[in-house]
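In what follows, a structure is listed as structure tokens, so that the remarks can point back to it.
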């Protein structure tokens, strides 16, 4: 098998990306990693008994943080004018993690919306979404689906030499154009359109239900505020982080497949696509807001986690200053 294929007759030459993309991506990854790590720590160490909603949110946080090992490679790739110096396996591994992160977020966000609708509207004790075993099996099933769907990247994805620049998952890889187009069209419906449709439907039904809810009682008012907050954050995450990358990628692979000579259009769509990749990773920063809105207990536990790390930081600084003072005070010969 030939892993690196040279292309001498490409129609459109790859263009350099705007400089803010790797810079902004770095900021997003740092903030997202800190918030996701703190959220996972809060879930794991502050809650002995997990409700079903918390199980789903924990898995959402795991999918968010799964992109972190690929972050340095992505930032370097964008910084080096889209030249991939790390070899084919790491290219495949990066795309594998990117897939797990992106579609894991979509599926678990959809599960959050279904869970929220069913648990609020259906108040019966026999609600299946209150069954921890059922919810755990659903989360495990999503992880199995993600891994099975992402594994083919290790067998199909190849790097390419385009104008003496090694490309990794870029639209200018002419020999991969058909594969990229086919994969994008196949994954579009089960990977985005169907989950997005389910989420919107659940939130519309939930919104119409809570509008009719009596808010004279404090419990009803709290439920309404919590649900409306979760609806807004979830829909913003879908519209900002998921929709642009799906649309721009579909247009880019279509132009490359059927109109390869339309270079200016391809350049514009390509730039939009790479900006949308940056936006897709903003969900690492938005999802912790979803956990915050969903539970007062999480808010208190998260504050406790922040206080713990602040105290540890102060103790380390105090210890460091004490050591420095001792060194400074040491008599000289």
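The values are calculated or read from the model by the stated rules, or taken from the named source; none is laboratory data. From a predicted model like this one, the values you see are computed outputs, not experimental measurements. Cβ coordinates were reconstructed from backbone atoms using ideal geometry, including for glycine residues, and neighbour counts include every protein chain displayed.
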Q: Find all pairs meeting these conditions: Cβ atoms under 6 angstrom apart; at least six residues apart or on different chains; first residue within region 131-148 and closer than 18 Å to residue 190 by Cβ; second residue loosely packed, with under 11 Cβ neighbours inside 10 Å.
A: none
Q) Does region 129-148 hold any residues that are closer than 18 Å to residue 95 by Cβ and surrounded by fewer than 16 Cβ atoms within 10 Å (Cβ to Cβ), and which are they? A) 145, 147, 148
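For every residue, the table says whether it meets (1) touching a helix residue (DSSP H, G or I) at 6+ places or on another chain (Cβ under 8 Å); (2) more than 22 Å from residue 192 (Cα to Cα); (3) part of a helix (DSSP H, G or I); (4) in contact (Cβ under 8 Å) with a residue 40 or more places away in the chain.
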{"site": "237", "(1), (2), (3), (4)": "yes, no, yes, yes"}
{"site": "240", "(1), (2), (3), (4)": "yes, no, yes, yes"}
{"site": "248", "(1), (2), (3), (4)": "yes, no, yes, no"}
{"site": "257", "(1), (2), (3), (4)": "yes, no, yes, yes"}
{"site": "276", "(1), (2), (3), (4)": "yes, no, yes, no"}
{"site": "287", "(1), (2), (3), (4)": "yes, no, yes, yes"}
{"site": "293", "(1), (2), (3), (4)": "yes, yes, yes, yes"}
Q | Selected residue (only one of 185, 176, 262 is modelled with pLDDT of 85 or more and in contact with a strand residue (DSSP E or B) (Cβ under 8 Å, 6 or more places away or on another chain)) | A | 176
Q. Are any of the residues in region 54-70 crowded, with 20+ Cβ neighbours inside 10 Å, part of a loop (DSSP other than H, G, I, E, B) and without any contact (Cβ under 8 Å) to a residue 40 or more places away in the chain?
A. yes
Q) How many residues are farther than 13 Å from residue 96 by Cα and in a loop (DSSP other than H, G, I, E, B) if we restrict to region 127-157? A) 2
Q.
Looking only at region 78-88, filter to residues that are touching a helix residue (DSSP H, G or I) at 6+ places or on another chain (Cβ under 8 Å) and part of a helix (DSSP H, G or I); which one of those is nearest to residue 143 (Cα to Cα)?
A. 78
Q: Filter region 41-51 for residues that are modelled with pLDDT of 90 or more and either surrounded by fewer than 17 Cβ atoms within 10 Å (Cβ to Cβ) or under 16 Å from residue 133 (Cα atoms) (or both) and give the result.
A: 41, 44
Q) Any idea which of (1) farther than 22 Å from residue 183 by Cβ; (2) in contact (Cβ under 8 Å) with a residue 24 or more places away in the chain is the one residue 91 doesn't satisfy? A) (1)
Q.
Please count how many residues of region 17-36 are surrounded by fewer than 16 Cβ atoms within 10 Å (Cβ to Cβ), in contact with a helix residue (DSSP H, G or I) (Cβ under 8 Å, 6 or more places away or on another chain) and under 14 Å from residue 284 (Cα atoms).
A. 1
